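Peer 1: Pasting a structure below so you can have a look.
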Amino acid sequence: MIAPLLSRLTAAPVALALGPLLLAACTHSAPPVSAPEGAAVSAEVTEFAVACQHDAALAALDQVEAGMGGSTSATELQRVVLLRNAGRTMDAARVLRERNARDDVTVEAAVQSGTVVENELELIRSERAARTGSRSCG
């Protein structure tokens with residue numbers, strides 16, 4: 001059941017970009033972010049990540065969360081991506097562990113979340129390589 005879903009996700013980068021917004025709509029009681037605003041915010045966070053402006057990316061994500069009235073499962077996954085992109089793997093692991101424990105995430109959902117994080121990180125690195133010739137920061 002997960003394999004067809006994952007193949008669709010890896011075949012559709014747009015779905016990955018919108019995945020956190022869709023997940024937020026399903027997992028949080030805060031008012032949903034409108035599609036244009038959500039897309040612009042996601043694009044801003046991603047642009048900072050691609051440009052290796054890690055603090056700016058995290059600050060932009062903090063603003064998104066503040067505008068939504070707090071963090072969601074989706075924004076926490078996005079934070080994991082940003083922390084991993086910045087090389088802060090221990091912080092990323094802590095955020096993911098806390099999210100999974102708080103939301104009582106099943107093994108299947110944890111695997112799926114991990115795949116989404118890896119795919120989003122790959123998209124950021126690929127975009128960076130296309131722009132700069134290097135997949136890594138620094």
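FYI, it's all coordinate maths here, none of it is from the lab. No experiment lies behind these values; they were computed from the predicted model shown. Every residue, glycine as well, gets a Cβ built from its backbone with ideal geometry; the counts of neighbours run over all protein chains shown.
Peer 1: Given the range 39-82 reduced to its alpha-carbon atoms as identical point scatterers, what log10 I(q)/I(0) does the Debye formula return at q = 0.16, 0.27, 0.35 Å⁻¹?
Peer 2: After summing over all Cα pairs, the log10 values are -0.34, -0.95, -1.35.
Peer 1: While we're on this one: Name the residue from 101, 132, 112 whose Cα lies farthest towards the positive end of the charge dipole of the range 89-138, charges +1 on Cβ of Lys and Arg and -1 on Cβ of Asp and Glu.
Peer 2: 132
Peer 1: Given the range 51-138 reduced to its alpha-carbon atoms as identical point scatterers, what log10 I(q)/I(0) does the Debye formula return at q = 0.11, 0.20, 0.26 Å⁻¹?
Peer 2: Taking Cα atoms of the range 51-138 as identical point scatterers yields -0.32, -0.97, -1.36.
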